[in-house]
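Right, one structure below, let's go through it.
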């Protein structure tokens, strides 16, 4: 039985917004809620729901505090989050490779 790369994709991670959150948090080390909301073009409520999913899966850590007198929420990737992102990217690379191989393979009519 052939194991297709899509079988390894994680539904929690693979969803477009959550993948974006993990990628941005990985690059920034710690990212502020407002930056994520603006960058991913989301409402606060929508972003909050995605952050809750990722936090329950223990892929991110959320820290609330203040910057001056303004309340802030910061998001940090956990070790499990870094591993999940790395795994997701590896499966996506395998999938891309298979698609590219199929495009360059000779067909029966060639």
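The values are calculated or read from the model by the stated rules, or taken from the named source; none is laboratory data. Note that the structure is predicted; figures quoted are calculated from it, not measured. Every residue, glycine among them, receives a Cβ derived from its backbone with ideal geometry; neighbour counts consider all protein chains shown.
Quick rundown of the values:
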{"item": "Enumeration of residues in the range 23-36 that are without any contact (Cβ under 8 Å) to a residue 40 or more places away in the chain, closer than 22 Å to residue 10 by Cα and surrounded by 14 or more Cβ atoms within 10 Å (Cβ to Cβ)", "result": "24, 36"}
{"item": "Yes/no for residue 75 being touching a residue at least 12 places away in the same chain (Cβ under 8 Å) and assigned to a helix (DSSP H, G or I)", "result": "no"}
{"item": "Any chance residue 68 is at positive phi and at pLDDT below 95", "result": "yes"}
{"item": "Subset of the range 57-77 that is more than 12 Å from the chain's Cα centre (by Cα) and within 23 Å of residue 7 (Cβ to Cβ) - its residue that is surrounded by the most Cβ atoms within 10 Å (Cβ to Cβ)", "result": "57"}
{"item": "Elements of type helices (runs of 4 or more DSSP H) in the range 1-66, at least 2 residues being more than 20 Å from residue 84 (Cα to Cα)", "result": "33-39, 44-56"}
{"item": "Qualifying residue in the range 78-86 (condition: farther than 20 Å from residue 9 by Cα, exposed (fewer than 15 other Cβ atoms within 10 Å of the Cβ) and over 12 Å from the mean Cα position of the chain (by Cα))", "result": "no"}
{"item": "Residue in the range 78-100 that is within 30 Å of residue 5 (Cα to Cα) and not in a helix (DSSP H, G or I) present", "result": "yes"}
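Yes/no per residue for (1) under 22 Å from residue 92 (Cα atoms); (2) surrounded by fewer than 16 Cβ atoms within 10 Å (Cβ to Cβ); (3) touching a strand residue (DSSP E or B) at 6+ places or on another chain (Cβ under 9 Å); (4) modelled with pLDDT under 95:
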residue	(1), (2), (3), (4)
10	yes, no, no, yes
18	yes, no, no, no
38	no, yes, no, no
45	no, yes, no, no
